[in-house]
Amino acid sequence: MIAPIHNMLAINPVVLPALRIAATFFFIIYLLFGAYIFRNRHRFFDRDPDVDNDIPAVRKVRLEVVMIPWMGVTTLILILLISFWLA
């Protein structure tokens with residue numbers, strides 16, 4: 001029989017509502033930052049005239065280098081935020 005895994009993070013129950021609100025607020029700011037990057041992706045990730053051999057494949061990789069970690073971090077933050085609200 002496998003023993004249950006307990007959370008090692010001790011959170012004072014008195015501050016849990018404030019933590020929920022603060023985490024939600026900062027998650028919304030984080031999502032707005034992601035929306036800003038997405039809306040201005042052409043300015044950040046399109047052709048750079050100062051770079052030699054700036055082909056479309058390189059530009060696509062530049063975008064993926066930013067978006068894949070951003071999506072992973074977003075997923076982790078969302079899971080943590082849901083666990084705060086369910087605690």
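None of the figures in this text is laboratory data; all of them are computed from the coordinates on show. Quick caveat: nothing in here was measured; it's all calculated off a predicted structure. Note that we place each Cβ from the backbone using ideal geometry, even for glycine, and neighbour counts take in every protein chain shown.
Assorted remarks:
- Between helix 56-86 and the chain: long-axis angle, C-alpha atoms, 0 to 90°, nearest 10: 10
- Against the chain, whose longest principal axis is taken from its Cα atoms, helix 16-39 shows a tilt of about 10°.
- Projected label distance in nm at residue 77 and residue 24, using a 7 Å step from Cα toward the beta-carbon: 1.6
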